[in-house]
Structures are given as structure tokens and as C-alpha cells.
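Scroll down for the structure; my scribbles are underneath it.
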Amino acid sequence: MRPAHRSTLHRALILGGVSGLRAALGPALVSASRRSGNRELLALAAIGEMVVDKMPLVPSRSRLPLLIPRALAGYWVARQVAEQDRDSNPNLPLLGATAAVGAALLAPTIRSALAAAFRLPDPVLGALEDALAVSLGSRAANLSPEELQDLMVDSIASLRQSLPSAGTSALRR
């Protein structure tokens, strides 16, 4: 159940912002909270995005081509939250998209400032950003730590099950 102190707007903005940090994470958390059939696939996409983010040649999320999927993800998660809470405010999806774009534009500046101030390598700051996004997003999606852990375990188990069959069929060709 959604805590009474968290409004629909609050949840939509947080999940939109989380989608700006990691485009697949907001949708993965919302899908998990709704127990959608695609939740494991989206969780794997979110994990993959977190890994790829640490690679040095990945372009900045603040570039236009990478802002578009984040804005779309922010729009989608806010719309899902509004539907889930039966909130008919037509502006919520647009606010979610705006939060996603704002987070995507602001995060690289904050990361650079923290890197300079504390002399931390970018992958460490990226991991801290991941932890913050998962923590805030899972709370906004009303996922308990146990549900989040189960989602990760189930997603990785699903991936493991699909890998041997894919490798075996490739060998048969």
C-alpha cells in the first residue's frame, strides 16, 4: 500500500527523475510494483544500463538523442503512477517527463563537481548515483527491499536459464 504521506505527484516526480538518471530503472521499478509480465526483462535492462554507464566511452545522457528515451520513460512512469493512484491530473505525465529531463541534465554537472571536490573516480560516483536512484525509486514505487531483492534474483535466474538454451541452439546450427 502507498504511504499516505507520499502524494501521487511526489511519486511521479521521483520516478520521473529516476528515469532521467537511468532510463530503464523507472519503468523497471513501476513494472515490478505492478507485477507486470515484463518486469524481469526491464530489471535486466536497468542492470545493464547501470553497467554500461560506468564505461568511459558512453556519451553524456544530457545529449539530445539520449534525452528522448529518458523523457519518454519519465512520461510513462508518471502516467502509470497516475493510473495506479486513480489520479486524473492530465499534467502528471508531462511533469514526469520534465523531471526526467531535468535530472538527466543536472546529474552530469553534479557528478563532475563531486569528482573534483572529492577526487572520486567517475565509476564510483556512478555507483553512488545508482544506489541513490534505486533507493529513491523503489520507495516511490512502493517496493520493499525484499521485493527489490527478489526481482533482482528472479531476473538474473531468468537470464541464466535463457543463456544455455541460446548457446545450445547456436551450436546446433
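Using the crude model of +1 on Lys and Arg Cβ and -1 on Asp and Glu Cβ, and no other charge, please compute the dipole size for the range 52-173 relative to its Cα centre, in debye to 20. Could you put the intermediate results ahead of the total?
Numbers: 12 positive and 11 negative charges, 121 e Å.
Charge dipole of the range 52-173: 580 debye, to the nearest 20.
Assuming 0.36 nm per residue, please report the length gained on full extension of the stretch residue 41 to residue 131 beyond their Cα-Cα distance.
Values: separation 90, 0.36 × 90 = 32.40 nm, distance 1.98 nm.
Gain on stretching residue 41 to residue 131: 30.4 nm.
I'd like the FRET efficiency for residue 68 and residue 7, computed as 1/(1 + (r/R0)^6) with the beta carbon distance as r and R0 of 22 Å, rounded to 0.05. Intermediate values should be presented prior to the final figure.
On the way: r = 28 Å, r/R0 = 1.26.
Efficiency, rounded to the nearest 0.05: 0.20.
So which residue, out of 99, 45, 28, gets the largest mean-square fluctuation from a GNM of the chain using Cα contacts under 10 Å as springs?
Judging by the Gaussian network model, the answer is 45.
Just need the relative contact order of the chain here, percent rounded to a whole number, with Cα pairs under 8 Å and 6+ apart. All intermediate terms of the calculation are to be shown ahead of the outcome.
Numbers: 231 pairs, mean separation 57.3, N = 173.
RCO, the chain: 33 percent.
Using 16 Å as the cut-off for backbone N distance, which residues of the range 17-43 belong to the label zone defined by a point 7 Å from the Cα of residue 94 along Cα→Cβ?
Counting backbone N atoms under 16 Å from the label point, the list is empty.
On the full set of protein chains, 1.4 Å probe, figure out the accessible area of residue 87 and give it in Å² to the nearest 10.
Accessible area, nearest 10 Å²: 60 Å².
Modelling each spin label as a point 7 Å along the Cα-to-Cβ direction, I'd like the residue 105/residue 57 distance in nm, to one decimal.
Spacing of the two 7 Å Cα→Cβ label points: 3.0 nm.
Highest mean first, what order results for 66-79, 139-152, 108-121 on Cβ atoms within 10 Å?
Details: 66-79: 22.4, 139-152: 16.6, 108-121: 11.6.
Ranking, from highest mean packing down: 66-79, 139-152, 108-121.
Rounded, prolate or oblate: pick one for the range 33-138, where a ≥ b ≥ c are the square roots of the eigenvalues of its C-alpha gyration tensor, a/c under 1.5 means rounded, and failing that, prolate if a/b is larger than b/c, else oblate.
Numbers: a/c = 2.11, a/b = 1.64, b/c = 1.29.
Prolate, because a/c is 1.5 or more and a/b exceeds b/c.
Measuring with a 1.4 Å probe in the full set of protein chains, what accessible area per residue, in whole Å², belongs to the range 1-97?
Values: 5060 Å² over 97 residues.
Here the per-residue accessible area is 52 Å².
Using alpha-carbon pairs under 8 Å, 6+ residues apart, how would you state the relative contact order of the range 78-135 in percent? Let's see the in-between values first.
Values: 20 pairs, mean separation 12.3, N = 58.
Answer for the range 78-135 is 21 percent.
Kindly identify the range 87-153 as rounded, prolate or oblate by the Cα gyration tensor criterion: order the square roots of the eigenvalues as a ≥ b ≥ c, call it rounded if a/c is under 1.5, otherwise compare a/b with b/c, prolate if a/b is larger, else oblate. Kindly include the intermediate steps, with their values, before the conclusion.
Numbers: a/c = 3.72, a/b = 1.27, b/c = 2.93.
Note, shape of the range 87-153 comes out oblate.
The values are calculated or read from the model by the stated rules, or taken from the named source; none is laboratory data. Just so we're clear, the structure is a prediction, and the values are computed from it rather than from any experiment. Note that each Cβ is placed from the backbone with ideal geometry, even for glycine, and that neighbours are counted across all protein chains shown. Just so you know, the surface numbers come from the protein's heavy atoms only, side chains and all, with ligands and any DNA or RNA stripped out. Shrake-Rupley method; radii C 1.70, N 1.55, O 1.52, S 1.80 Å.
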